[in-house]
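Read the structure below first, then the notes.
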Amino acid sequence: MRLFPLLVTRRFGTTLLLCSLLAPLSGCPTDSDRTGPIPKDQRPPLGDDTGGGDADTDADSDSDTDTDTDTDTDTDTDADTDTDTDADTDTDTDTLPPVDQAEACHPSVEGWSAAWADWEDEVVTLVNAARAAGADCHSGGVFRPAGAVRMDPDLQCAARYHSFWMADTDSFAHESPGGDLGDDPWERIASTDFSGSAVGENIAAGYDSPESVVAGWMTSDGHCSNIMSPSATLTGVGYYRGGSYGHYWTQNFGM
């Protein structure tokens, strides 16, 4: 397996990959030596279909006229008109659940695992703890304490899709040529409803917990500087379990 210079560490025989990207696009190397499709049963589940509404209108009209005339000098005329009109309108419309923007950008991220979402939230908590403390990112710069970033659902949706895409295509790179949301982070983010500006992106593979991936990013100058950037006010984290490395992470930053 070809290793990425300065971007790969090994821990107990497990390959851990890191790659950071700060605007403008600089790119990261890919590992083209690994081949083989990802089994379909490792893809995240899709959401259930939502029910629609139905309208039922029932109208019944009955008109009966009965006339009886006697030929005697006594004439009896009986007119009976019975009209029964029943109008029953029953409209049953299922209430659709609110759209989760963090799952709205692509069918592959619909019905995202709640356990994965918990890990994504934990990454944000750990990142904000690092920002609050300040950090020396060495060649990336020395950063004073910075304000917390908050999870943005559009950035999160783009991050989730890219983590899924890397596992599904057996690749590890910021670029996603031919991907449904675009060919790079800026296109992926722009394809969502995100109205701000993208600042940067961190990706990782092989890290099996939020603590380990944030620690890995913080010991890498480029990743550290993305995390500590005072320009960043928003973030989106996407974690996917599966693929060659078992664990894929993407963190987008925006403002």
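The values are calculated or read from the model by the stated rules, or taken from the named source; none is laboratory data. Because the structure is predicted, anything quoted here is derived from the model rather than measured. Don't worry about glycine lacking a Cβ; one is built from the backbone with ideal geometry, like all the others, and counts go over all protein chains shown. Each accessible area value is taken on the protein alone, full model and side chains, heavy atoms only, with ligands, DNA and RNA left out. Shrake-Rupley method; radii C 1.70, N 1.55, O 1.52, S 1.80 Å.
If I ask for residues that are closer than 30 Å to P97 by Cβ and in contact with a Gly (Cβ under 8 Å, 6 or more places away or on another chain), which ones from segment 111-145 would you list? Those that are closer than 30 Å to P97 by Cβ and in contact with a Gly (Cβ under 8 Å, 6 or more places away or on another chain): G111, E120.
Within segment 113-166, the residues that satisfy the criterion of being outside any helix (DSSP H, G or I) and of a type in the set (V, I, T) are V142, V149. The residues of segment 138-184 that are small (G, A, S) and more than 20 Å from S225 (Cβ to Cβ), listed by number, are A158, S163, A167, S171, S176, G178, G179, G182.
Results for (1) closer than 22 Å to G246 by Cα; (2) out of contact with any helix residue (DSSP H, G or I) (no Cβ under 7 Å at 6 or more places or on another chain); (3) small (G, A, S), shown as yes or no for each residue.
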{"residue": "R144", "(1), (2), (3)": "no, yes, no"}
{"residue": "A148", "(1), (2), (3)": "no, no, yes"}
{"residue": "P153", "(1), (2), (3)": "no, no, no"}
{"residue": "C157", "(1), (2), (3)": "yes, no, no"}
{"residue": "H162", "(1), (2), (3)": "yes, no, no"}
{"residue": "M166", "(1), (2), (3)": "yes, yes, no"}
{"residue": "T169", "(1), (2), (3)": "yes, yes, no"}
{"residue": "E175", "(1), (2), (3)": "yes, yes, no"}
{"residue": "F194", "(1), (2), (3)": "no, no, no"}
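When restricted to residues that are open to solvent by 20 Å² or more (accessible area, probe 1.4 Å), within 18 Å of L22 (Cα to Cα) and in contact (Cβ under 8 Å) with a residue 12 or more places away in the chain, segment 207-219 contains 1. Taken over segment 171-206, the residue count meeting the criterion of being open to solvent by 10 Å² or more (accessible area, probe 1.4 Å), touching a strand residue (DSSP E or B) at 6+ places or on another chain (Cβ under 9 Å) and hydrophobic (A, V, I, L, M, F, W, C) is 5. Open to solvent by 10 Å² or more (accessible area, probe 1.4 Å), in contact with a Cys (Cβ under 9 Å, 6 or more places away or on another chain) and not polar (S, T, N, Q): is that true of M228 in this structure? No; evaluated as a whole, the condition is false for this residue.
Within segment 232-255, the residues that satisfy the criterion of being open to solvent by 10 Å² or more (accessible area, probe 1.4 Å) and in contact with a strand residue (DSSP E or B) (Cβ under 7 Å, 6 or more places away or on another chain) are L234, R241, Y245, H247, M255. Residue under question is R150, and the condition is that it be within 25 Å of H106 (Cα to Cα) and surrounded by fewer than 20 Cβ atoms within 10 Å (Cβ to Cβ); does it hold? Taking the combined requirement at face value, the residue satisfies it.
Can you say whether N202 is not aromatic (F, W, Y) and not in a helix (DSSP H, G or I), as far as the supplied structure shows? In short, yes.
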